[in-house]
Amino acid sequence: MASYSSICCGVLFFFIFLSCQSPEEKSEEIPMETFRDEVQATTVRVGQSETKSFDYLINATGKIEAANEVMVIVERPGYLLELLVEEGQPVQAGQTIARLDKTDSQMEWERAQVELRSTTAEYQSRRIAADVETTLLDSLGNAERDEFWKASSGLLSAQIAVREAERNLEKTEIKAPIAGAVADLQVRKGSLVNAGDEVCLVLSTNLLEMKVKILESDIVFVGKGQKAEVYPVSGSGDGISGTVSSINPKVDENGLVQVTLSLQQGGRLLPGMNARAVIRAPQNNSLVVPKEAVVYRSGRPVVFTIENDEAIWNYVEVGKDNGREMEILDGLMASQQVIISNNVQLAHQAPVQVITD
């Protein structure tokens, strides 16, 4: 009987103990989507991947040169009586730019004229005398007889001397060989000059050219007649348009190829000025994205697209870059939305909100 009572008391105590315990809260796993909903969405701007004609830009630097430049040389010694131009002055082809003292040349011409008249008289005299001679001249034709009389009388030599004197007289006026602008004046009025002395340089400032060096890997994208823009290295002033006029078929020891650009209008660009050229090489049917869409993670290019308001990480292979757009060779398709702002620290599947303003 005592044993039964002990068992009943133990059971009662057990139930009382259980009733005194606080109920344990049930543990539930919180879905990942709940955490994602609690993260504030990153505001982004978007662009689009598209297939289009893509202008690959090839940059190079060089010096502006005149397409034509000629050094004017003194051909006749003498005193420089007149200097009719100054540096920077435009001139036309054949325009007189300086005059030499022509006293000596004038005297030479006059002496040659006197000698010509004298030999002409001798020539006429011999012709008259030959009318009565019937020996050697009978075997010659009329033209041969005339040449014989001119030579024997000294008329031929006198005619040549007159032409030489006229030519020397013309050389006392120094003229511009081409149209352009005067540069590097070397002489002064009143100075004594000799044959071969330099007077000035005449530059064709309206027709310029520029020689640049292009990487051999880029030369395949350059062809004759291709368009280019040229800008001052200083960055000030507007650029001028040009075209590729020639390509040197030789690669130098540095792996560079010389390309010549023809520039039609000089503007503020002058011969000798350093300039930067941008050659446009159109690439057809290229998949491109705005350059801002490409970011780099661990040295690899990444583009974020958008799916269900989430940023999607895409490894891509990039091609050429023109400063505004970048060519995508692999990793994207056309007509995809790509994130172009706030994408440097984005994570895969991070919530995003597109803004359009």
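When residues in region 212-226 are screened for being open to solvent by 70 Å² or more (accessible area, probe 1.4 Å) and modelled with pLDDT of 90 or more, 4 of them pass.
Looking only at residues in region 276-301 that are under 18 Å from Ser246 (Cα atoms) and not basic (Lys, Arg), the one that is modelled with the lowest pLDDT is Ala281. The residues listed here are Gly242, Gly331, Gly319; of these, the one that is open to solvent by less than 70 Å² (accessible area, probe 1.4 Å), at pLDDT below 95 and on the phi > 0 side of the Ramachandran plot is Gly331. Of the residues screened, Leu201 is not one that is within 16 Å of Lys63 (Cα to Cα), among the hydrophobic types (A, V, I, L, M, F, W, C) and either modelled with pLDDT of 90 or more or over 14 Å from the mean Cα position of the chain (by Cα) (or both). Of the strands (runs of 3 or more DSSP E) lying entirely inside region 252-351, those containing at least 2 residues that are within 30 Å of Val230 (Cβ to Cβ) span 256-263, 274-290, 317-321, 325-330. For region 243-302, the tally of residues that are within 26 Å of Leu207 (Cβ to Cβ), basic (Lys, Arg) and without any contact (Cβ under 8 Å) to a residue 40 or more places away in the chain stands at 2.
The values are calculated or read from the model by the stated rules, or taken from the named source; none is laboratory data. Every value quoted in this text rests on a predicted model; they were computed, and no experiment measured them. Positions of Cβ are backbone-derived with ideal geometry, glycine not excepted, and every protein chain shown enters the neighbour counts. Remember, those area values only see protein heavy atoms, side chains included, never the ligands or the DNA or RNA. Shrake-Rupley method; radii C 1.70, N 1.55, O 1.52, S 1.80 Å.
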